Structures are given as C-alpha cells and as structure tokens.
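The next block holds one structure in the form of structure tokens; read it before the comments.
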Protein chains: 2
Amino acid sequence: MTVVARRLPENPLLTPDDIPPVHGGWKVVCAFNAGAIKIGAETLLLLRVAERPERPAPQAGDQEIDLSGAGPTLKPVDTALPADNYIAVPMLDDSPDRRVVVRYIRRNTPGLDASDPRLLKKGTHTYLTSISSFRLARSTDGVHFDVEHDAAMRPTEPLERYGIEDPRITAIDGVYFINYTAVSEHGICTALASTRDFVSYEKHGVILPAENRDVTIFPAKVGGRYRTLHRPVPKEIGVPAVWFASSDNLVDWGEHRFCFGSRPGTWDSQRIGGGAVPFRTARGWLEIYHGVNPDGQYALGAVLLGLDEPWKVLARSPAPILKPEADFETEGFFGNVVFTCGCILEGDRLRVYYGAADMVTAAADFSLEEILASLHEEG
Amino acid sequence: MTVVARRLPENPLLTPDDIPPVHGGWKVVCAFNAGAIKIGAETLLLLRVAERPERPAPQAGDQEIDLSGAGPTLKPVDTALPADNYIAVPMLDDSPDRRVVVRYIRRNTPGLDASDPRLLKKGTHTYLTSISSFRLARSTDGVHFDVEHDAAMRPTEPLERYGIEDPRITAIDGVYFINYTAVSEHGICTALASTRDFVSYEKHGVILPAENRDVTIFPAKVGGRYRTLHRPVPKEIGVPAVWFASSDNLVDWGEHRFCFGSRPGTWDSQRIGGGAVPFRTARGWLEIYHGVNPDGQYALGAVLLGLDEPWKVLARSPAPILKPEADFETEGFFGNVVFTCGCILEGDRLRVYYGAADMVTAAADFSLEEILASLHEEG
C-alpha cells in the first residue's frame, strides 16, 4: 500500500530569513527540527535556531583557542593576522552568568580538519561553527507562524556549552516536558526541561549521558512507568540503534532494552533514530522515525510498538513515508535530509512537522490509516 | 610524597589454573577484575572468569555465522573443511533457556580482522573469542581463597549475549548490589543485580545504556540520593571520561554530570575510568581509578571527591599508586595492565584487589594516610 505525503503548499513554513538573531551582529543559519504541540486551537513549534557570528574577524580582547599543544589553551588573538586566518567558534564561557562568547581557532593549525562547515576537529577536540537555542513559534492554523523575538530556551549549563538542539515536546498531565540534545566538548547527550505555559522553562538536567540523542518520551505511563525511546551511539561494539527505557519521574531512567535497529538492504540500513513523540493508536504506539540509506539520504518511516509492551516492535515501514524530493529538502545547509521532532494527529490527519536540509521547517500531511495499512509485520 | 604499594607475597592470589571451567571441555583463560567485600570475618571476591572452547573444531550440527553478505546469517558448518579454517565464538543463543553455544566464523572471511586474539571484527560486526561469567571465592584471611565450582552469575539476557564482566559490589543496608558490564552485539553497557546471601542473585536490568562501563556505586546515599560514577564512551564528540549520576532506587539514573577526565601529560592522559567502589574518609570520598598512559600502560591512582558534593573533584594522584611492574602484571592475556574493581579498608590499611595482565587476580596493601597525603589539589 502506498502512503501519500501531502506536503503543504506553503512549504517551507519557516526559514532562517524569518528569524531575527538573538545575538547582535550574528546570522541565523538554520531554523529547523521543531518540537510540535497543539494546545486548544493554537499550534506551537519550538524551533531549533542555529546562529553564527556574521563577521568572524577577531578584535583586540578576543580569545584564541590554541590547539598546537597537548591540550587546548586560551590566549589573546593576534589582531595583526589577516581576519580569514581565524575561524570563529561560539560557545558558553565559564563566567558565572554563562555568556555565549566567540572564540577563534587558527585555520592553519597543524592537523585541523575544517572540511565539514558545521564543525572543526583536531584529534579528539571538536568545536561547532554555530550555536543553537530554541525559539517559540505560534500559529492558529498550523501553517502560518509568528516567531517570538527572544529565545525560549538558551544553552546555560556546562554540558550545553556548544548549544541545545532538536527539542521534542511531550504533554503529560498538563505539563509540557521538553527533551533536547545538549552538546559540549564532553559529548552529545540528552537533557530535560519542562514548562506549563511556554513562558517560563525549568531545566531538569541531563537524563541520558553521552552519546545519546533522538529521545522521544511517551505521552502517558504504560504499565505504571514513564517510557521513552532513545538512541545511544556505541563505539567499541555495535551501531547506533533505538533503545527503550523506563522511569518513575522522567528524570531518572533505567530498564534499558534494545528496541530496534537498522535493516540491511532497506531505506534505513545505515543509521536510525527516533523522530516525533510517539502516540497511541488502536493497534499500538506509532513512532515516526528517521533512517538513512547508503546514499546518505535521511528519510522518515513509521514503527508500530506494542500497546502494553511498547518495547516490542509489531510492524515497520518497508519504504519511507517521506523522503527528500522538494528543492528545499534536497539542497540547504546539509542537503538530502528530512528529519522530524514532532507531529500532530487530528482525526485521521497526521501532520508531520520536519526539518528539511538541516535548514528550514516544513510540514506534510498523512492519513494515519494509510500509514498503518502500509506497515509490514516484524518478528 | 611517595605511596608505597605492598604487593602480597602470595601474588598472584588466583590464576586460571585455580578455576575449573563451568562448560565441559572448555578452558578458563582469565580469572580477574573481581568485586570485593568483607562480611564479618570473611572476604568475598566475585571473580570475572573468562572461558574459551578448548577444541574449536566444529562438528556436524554446529552453526556457522556467515559474514560474507550484507548481514550475519546462520548456516551449518562445513565439516569437510580443515578445523583451523574456523574460529570459535561463544555466545548465548535465542532459545528460551538461553544456552551458551559455540558458533564458528571462517578465518578466511573477506574483511575479517582477527588481529586481536580477544575478538573478531568485520565491518560493524564484532564477536568475542571467550565468554565471561562470575565465580565466587571465599577467604578467611583475605589472601587464600576457595573458589566455588559453579558460576555465581551467568549471562542470561539478550544484552548479555557475549558475557558479563567486571563486577563491583556495593553494600547498602544489608543488600549487596552488584553492577557489571553486559556485552552483546548491541554494545557494552552496565547492568545491576543484587544478593543478600551470595547464594541467590536477582538481576535488575541495564542501568546505563551503551557505551558505558566502569560504574562504581557509592555505598550510601549522599544528600538523599544514591550516587554513582560511570564512564560513558562518546563517539562523535568527546573522549571517555568519568561522569556522575544520581538515583532514588539504584535502577533508574539521572542528573548526569561530567566529573573528571584524562589529563594531558600525566599517567592518565589516554584513557580513564572508575575502579573500586568509593569509600568515605574524613576528607572526602576516595575512589581508586584506572588511567592509561601513551604506552598503553593501565595503572591505578586515587581521586578525592567532595563529602557533600561528590561530583566535585578535590584532589588527584599526580603519579600512579600502582603500575605494572611484576611479571604477572607486565605479561599475560593482555599485558601491562593493573585494573581494580574492589578494595577493602581496615583501619589505615587499604587492600586493593586487582586484575593483572587481564588474566590473574592479585592484591596490594596501601596506607590510606599515605594515599591522602600524596594527592594534589585540583581546581
């Protein structure tokens, strides 16, 4: 059975040009991977907004990260050098008020790998060229969004030194829990926050240590425990896969189990991870997740999990329900990517909000019945 | 200040020759990395015992893991082939009773890496050449041990398919909690079990997902929460480091923080991880941990953590308190390694039990005062 993806004609719904930067003189380079929730008649998107210093020329008083020795050391920049000798890297500093600062790395540092425009690597040291925070967007029709000028959530903690990314919103008993990726020099991990009003936000710390992201918390207890999918990235043995965990309080997680992995020869053979927050259907919990094929194409599919034993996979998409085809999906900051952090179900219509080409925000509508009918049983 | 390590003259205390295999016709290759606890007058070691099929010649009915295609597939072995065409890999099977079985991989599989005698790798697929379980050893003098014939704990769960390793014992309110490394094709993670009598053991599942080991649980609540050190291994950003987590029930863990990492130019510059279960001193919680230097030498040192804020490092060993020097430490299954999972403090005498050369079990005595006086303040 074919699943029809009805892309909204207004796509992309939000682009970097729609978002003023929160840092003066910086540039918004990406507005994507939004958590989504509908509260009454209002649709809220919590956007990941990445900003980059627009004029990377360092000035007197700016600090350089010297990577030429055994470990990174800070020293004043050499303003006599041509500006393009330096690459700017934004991050939190160690001051008590945890400001975002721009530091500089010499482009000609021996062994520096600057081949990926998103990051710099030397040996085991990694720096990002942009820093992400979250911006709230509100809509009465789910299509046209007003974006708040100030950030809803910013990086503030040591494990958020390089930014906060990819929020997912799970509503439980009137509280909106937001899990998100926290990035620092110590790794990529998952943190939790909550809000009751999308005005003030409380952070609850890191819930899953490095390396772990693509966490999607179930919107209700199942069998008396909170439940989540998560995606650890092992190093010595194994490959990134979707695991399952349980909790009594959403902060402490245990009972970890392997849930599902990549499938050789399919659209998700190379890499896999949770996407939207799962929701309950008559047949099971439905999770829209992402998979990567050998061409590096990020696509979306669905997995059906047991109603009472949601760590058990019942059925999965044999083919993507959405793959990069539109121009704004195939080309951008990082092309050939569709990636979701949230969807909204109304009747049979499942509206999936998704980041496209790691740059803009779009949406596509699906028939839930069509998705369910398209799944192939597993096991 | 110099710390004197007084190795016991009876070292090594236990070797593979002291341990009968639990699998008929197999060979015990390692008896090491023991959790340690003293209960009354009795010292208990929970040894990691690795066993390997002694005659790897496959027989009719045995299964081969075929790695020549996109994914591993099982098929009957070809008994017409010379026996040394096959390498034996033990693991749990998928039967309801979760038996340990021996499977076979063709030595001439294209792309197979068999350079490390401990494991086989092809692409993202990894197999171990031995499988570990735990064996209890009892002693009235802490030096001479009687080893039980049967295994105290065996791999039984899917995430333990390749074995269970490196137990640590933490006594809390009359219950002995045993955390250990669970190894499977999905990665290296940490599981929890408990016992009240070292006769029956209850498993509580995986407490920290892949990749995470070297977990050392504090023997008391601090500030109303259970606490642990753990050692995640990130892949994309960061290096293995010691993190800190908290729990209300020892099963679910959260509030993850970075605790301490490797130090460039020192004995622990290359890799680091928790060792023995930490214990309380007047000056702070003392943790004996392991570090690796650029020569690949695994040595032991100490870190002092805050009494009330045990995620804060107060002081650390500027030099190892124990490094491989004796023959049984420099040569063995994997030479140049000393590694601890447990120590016992009596008065000022700290007896550190340690695995040597990933093969045998030994012990060394230290003066606690000497260790504390040797630490250099950090921060």
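Quick notes
- Only one entry of B:Ala88, B:Ala36 meets the criterion of being farther than 30 Å from A:Pro264 by Cα and of a type outside the set (S, T, N, Q), and that entry is B:Ala36.
- Cβ separations smaller than 7 Å between residues 6+ apart or across chains give the following pairs from segment B:71-82 residues that are under 29 Å from A:Gly238 (Cβ atoms) to residues that are part of a loop (DSSP other than H, G, I, E, B): B:Gly71/A:Pro264; B:Val77/B:Pro58; B:Val77/B:Asp62.
- Filter result for B:Leu304 (assigned to a strand (DSSP E or B), buried (at least 23 other Cβ atoms within 10 Å of the Cβ) and more than 16 Å from the chain's Cα centre (by Cα)): yes
- Pair list, Cβ under 8 Å, 6 or more apart: segment A:162-181 residue within 14 Å of chain B (Cβ to nearest Cβ) and touching a residue at least 24 places away in the same chain (Cβ under 8 Å), other residue small (Gly, Ala, Ser) and open to solvent by 10 Å² or more (accessible area, probe 1.4 Å): A:Gly163/A:Ser130; A:Phe177/A:Ala171; A:Phe177/A:Ser194
- The number of residues in segment A:129-161 that are within 14 Å of another protein chain (Cβ to nearest Cβ) and more than 30 Å from B:Gly254 (Cβ to Cβ) comes to 1.
Every residue, every condition in (1) over 30 Å from B:Ile344 (Cβ atoms); (2) touching a strand residue (DSSP E or B) at 6+ places or on another chain (Cβ under 9 Å); (3) among the small types (Gly, Ala, Ser); (4) modelled with pLDDT of 95 or more, yes or no:
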{"position": "B:Leu44", "(1), (2), (3), (4)": "no, yes, no, yes"}
{"position": "B:Glu54", "(1), (2), (3), (4)": "yes, yes, no, no"}
{"position": "B:Gly69", "(1), (2), (3), (4)": "yes, no, yes, no"}
{"position": "B:Ala80", "(1), (2), (3), (4)": "yes, no, yes, no"}
{"position": "B:Pro90", "(1), (2), (3), (4)": "yes, yes, no, yes"}
{"position": "B:Leu128", "(1), (2), (3), (4)": "yes, yes, no, yes"}
{"position": "B:Asp146", "(1), (2), (3), (4)": "no, yes, no, yes"}
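- Taken over segment B:246-260, residues that are more than 7 Å from chain A (Cβ to nearest Cβ) and open to solvent by less than 10 Å² (accessible area, probe 1.4 Å) amount to 3.
- Between A:Glu309, A:Glu346, A:Glu325, A:Glu287, the distinction of being touching a Leu at 6+ places or on another chain (Cβ under 7 Å) and acidic (Asp, Glu) belongs to A:Glu287 only.
- Among the conditions (1) closer than 25 Å to A:Phe260 by Cβ; (2) in a strand (DSSP E or B), A:Ala373 misses just one, which is (2).
- Neighbours by Cβ (under 6 Å, 6+ apart or cross-chain): first from segment A:96-124, closer than 29 Å to A:Val22 by Cα; second aromatic (Phe, Trp, Tyr) and modelled with pLDDT of 95 or more: A:Leu120/A:Tyr127
- The set of residues in segment A:301-343 that are out of contact with any Gly (no Cβ under 7 Å at 6 or more places or on another chain) and acidic (Asp, Glu) comprises A:Glu309, A:Glu325, A:Asp327, A:Glu329, A:Glu331.
- Only residues that are in a loop (DSSP other than H, G, I, E, B) and either in contact with a Leu (Cβ under 8 Å, 6 or more places away or on another chain) or closer than 22 Å to A:Pro58 by Cβ (or both) were counted in segment A:14-28, giving 6.
- Just one of the listed residues (A:Arg7, A:Arg48) is closer than 30 Å to A:His144 by Cβ and out of contact with any Ser or Thr (no Cβ under 8 Å at 6 or more places or on another chain), namely A:Arg7.
- Across segment A:93-128, the number of residues qualifying as more than 16 Å from A:Asp62 (Cβ to Cβ), within 14 Å of another protein chain (Cβ to nearest Cβ) and either β-branched (Val, Ile, Thr) or open to solvent by less than 20 Å² (accessible area, probe 1.4 Å) (or both) comes to 3.
- Set B:Pro278, B:Pro324, B:Pro318, B:Pro294: member being surrounded by 20 or more Cβ atoms within 10 Å (Cβ to Cβ) and farther than 25 Å from B:Thr190 by Cβ: B:Pro324
- A residue that is under 30 Å from A:Gly254 (Cα atoms) and among the charged types (D, E, K, R) cannot be found anywhere in segment B:290-307.
- Residues of segment A:281-291 classified as outside any strand (DSSP E or B), open to solvent by less than 10 Å² (accessible area, probe 1.4 Å) and at negative phi, total: 0
- Flag if B:Leu192 is within 14 Å of another protein chain (Cβ to nearest Cβ) and in a strand (DSSP E or B): yes
- Only one of the numbered conditions (1) of a type in the set (Gly, Ala, Ser); (2) under 30 Å from A:Ser200 (Cβ atoms); (3) touching a Lys or Arg at 6+ places or on another chain (Cβ under 7 Å) is not met by A:Ser95, and that is (3).
- B:Trp311 aromatic (Phe, Trp, Tyr) and over 21 Å from B:Pro167 (Cβ atoms): yes
- Filtered residues of segment A:237-253 (kept if under 16 Å from B:Arg213 (Cα atoms) and touching a Leu at 6+ places or on another chain (Cβ under 9 Å)): A:Ile237
- Any hit, segment A:45-64, residues being open to solvent by 70 Å² or more (accessible area, probe 1.4 Å), over 29 Å from A:Thr340 (Cβ atoms) and in a strand (DSSP E or B): no
- Considering B:Arg263, B:Arg231, the condition of being within 10 Å of chain A (Cβ to nearest Cβ), open to solvent by 20 Å² or more (accessible area, probe 1.4 Å) and not polar (S, T, N, Q) is satisfied by B:Arg263 alone.
- Residues within segment B:199-228 that are open to solvent by 10 Å² or more (accessible area, probe 1.4 Å), of a type in the set (Phe, Trp, Tyr) and farther than 18 Å from A:Ile207 by Cβ, tallied: 1
The values are calculated or read from the model by the stated rules, or taken from the named source; none is laboratory data. These numbers were taken from a predicted model, which means no experiment stands behind them. Every residue, glycine among them, receives a Cβ derived from its backbone with ideal geometry; neighbour counts consider all protein chains shown. These area figures cover heavy atoms from the full protein model, side chains too; ligands, DNA and RNA do not enter into them. Shrake-Rupley method; radii C 1.70, N 1.55, O 1.52, S 1.80 Å.
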